[in-house]
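*Asks:* Below you will find the structure I want to go over with you.
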Amino acid sequence: MIDAYAPLGSWYFPTIAFLFGSCIGSFLNVCVSRWPANLSVVKPRSRCPHCGHEITWYENIPLVSWLALRAKCSGCKAPISAVYPLLELTVGLIWVACVLQFGPTFTAIRVAVLASVLLGIMITDATDYVIPDGFTVFGFFFALVAAAVGTMLGETLPFATLYDSIMGACVGAGAIAIVGWLGELALKKEAMGFGDVTLMAMVGAYLGPGRTLLTIFIGAFLGAVGFLAIVYPIAWLRARKSGTEFAPPLVPFGVFLAPAAMIALLWGSRMMNWYAHDMLGL
Ligand SMILES: [Zn+2]
């Protein structure tokens, strides 16, 4: 597969992937800052939050513009956060990694799209406790269409077949709703937002039923560790510092379900085989 492209040089596809991925990262910056506030990502054009200077296309080139502007608005010289180029760089590298791992294939695009969407969900759930429909609805339909296209191209793995994709969406949404329902009974307050249900429907459409349930197990494990090691201590320290009364923070479950879905996609089958063979002796 890759040999056919050899005359283009081994750097060709990774470079294209990086350029394309950094543009996706640039768009992701817009999504994560506007969707939680229920704003459109299409219009208006981005402006400097300090002086209202409209950002031109040449000031909006991923990574390059931030460096060329020396991290300052060209209108008022207010500093531009390094978070923007950092996200562009991260998504660019994710797309490169997918091409290096899967070659210049449709599979590489599917993995990269899922990883980009999940990264966006991690960010908005962490900053605003929101999983925007823009991510999950796009991700869900992309998963179904990609399952059909993948079947036609003979490229299914590591994703679910079209039938498993539909089953997985139902199992994912159902299972997380049950977890949320039981959590609500135990905690006597809302334990799970509807965003988690749509997230798991999307994840299910990529992974199929088995690895979707595995995602919830891994996500719960990561969530428990992350909560005890990071979220809880930070909230406690903040309350102490500001002298306010300490209230246990909410857990943005999507922050943990998103990486769990990537783990389940890439290593889930191996993990389940290992568990069935070596642990249960099946
Ligand atoms: Zn400005």
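*Asks:* Mind jotting down the three principal axis lengths of the range 84-135 based on Cα atoms? Whole angstrom, largest first.
*Replies:* 36, 23, 13
*Asks:* Would you mind ranking 131, 16 by Cβ crowding within 10 Å, fewest neighbours first? Don't jump to the answer; show the numbers that get you there.
*Replies:* Working: 131 29, 16 15.
By the 10 Å Cβ count, ascending, the order reads 16, 131.
*Asks:* Related question: Name the residues whose placed amide hydrogens come within less than 5 Å of the amide hydrogen of residue 72, ignoring near sequence neighbours (fewer than 5 apart) on the same chain.
*Replies:* 80
*Asks:* Evaluate the Debye formula for the chain with equal point scatterers sitting on the alpha carbons, no solvent, and hand back log10 of I(q)/I(0) at q = 0.07, 0.09, 0.11 Å⁻¹, in q order, two decimals.
*Replies:* -0.31, -0.51, -0.74
*Asks:* For a quick check: sort 5, 129 by the number of other beta carbons within 10 angstrom, fewest at the front.
*Replies:* Numbers: 5 13, 129 17.
Final ranking by Cβ density, sparse to dense: 5, 129.
*Asks:* Just the projected area, averaged over all directions, of the convex hull on the alpha carbon atoms of the range 141-269: how many nm²?
*Replies:* Working: hull surface 34.3 nm².
Mean orientational projected area (the range 141-269, Cα hull): 8.6 nm².
*Asks:* Would you calculate a helix-derived [θ] at 222 nm for the chain, using -39,500 (n - 2.57) for each DSSP H run of n ≥ 4 and dividing by the full residue count, to the nearest 500? Each step should come with its number before you reach the end.
*Replies:* Working: 10 runs with 183 residues, N = 282.
One gets -22000 deg cm²/dmol as the mean residue ellipticity at 222 nm.
*Asks:* Need the full-extension length gain, residue 93 to residue 137, defined as separation in residues times 0.36 nm minus the C-alpha distance. One decimal, nm. Can you show the working numbers first?
*Replies:* On the way: separation 44, 0.36 × 44 = 15.84 nm, distance 2.46 nm.
Full extension from residue 93 to residue 137 adds 13.4 nm.
*Asks:* For residue 188, list the aspartates and glutamates whose Cα falls under 20 Å from its own Cα; do not include residues on the same chain fewer than 8 positions away.
*Replies:* The qualifying aspartates and glutamates are 196.
*Asks:* Report the full-extension gain for the segment residue 10 to residue 245: residue separation times 0.36 nm, less the Cα-Cα distance, to one decimal in nm.
*Replies:* Numbers: separation 235, 0.36 × 235 = 84.60 nm, distance 5.78 nm.
Working it through step by step, the gained length comes to 78.8 nm.
*Asks:* Please label the shape of the range 1-103 as rounded, prolate or oblate, based on the square roots a ≥ b ≥ c of the eigenvalues of the alpha-carbon gyration tensor (a/c under 1.5 means rounded; beyond that, a/b larger than b/c means prolate, else oblate). List each step's numbers first, then the result.
*Replies:* Working: a/c = 2.98, a/b = 2.05, b/c = 1.45.
Because a/c hits 1.5 or more and a/b exceeds b/c, the range 1-103 counts as prolate.
*Asks:* Turning to a different aspect of this structure: Could you tell me whether the range 108-166 comes out rounded, prolate or oblate from its Cα gyration tensor? Rule is a ≥ b ≥ c as square roots of the eigenvalues, rounded for a/c under 1.5, then prolate if a/b exceeds b/c, otherwise oblate.
*Replies:* On the way: a/c = 3.19, a/b = 2.26, b/c = 1.41.
Here the range 108-166 falls in the prolate category.
*Asks:* Please work out the ratio of the alpha-carbon Rg of the range 33-182 to 2.2 N^0.38 Å and round it to two decimals. Could the numbers behind the result be given before it?
*Replies:* On the way: Rg = 18.9 Å, N = 150, 2.2 N^0.38 = 14.8 Å.
Rg over 2.2 N^0.38 Å, computed on Cα atoms: 1.28.
*Asks:* So for each of 104-117, 64-77, 251-264 I average, over its residues, the number of other beta carbons within 10 Å; can you give me the resulting order with the highest mean first? Show your work: numbers first, answer last.
*Replies:* On the way: 104-117: 21.3, 64-77: 14.4, 251-264: 24.4.
Descending packing order for the listed peptides: 251-264, 104-117, 64-77.
*Asks:* Now, a different point. Describe numerically, in nm with one decimal, the distance between label points set 7 Å from Cα along Cα→Cβ at residue 43 and at residue 187.
*Replies:* 4.1
We did not get these values from a lab; they are worked out from the coordinates using the rules stated. Just so it is clear, the structure is predicted and the values come from calculations on it, not from any experiment. FYI the Cβ positions are ideal-geometry reconstructions off the backbone, even for glycines, and counts take in every protein chain you see.
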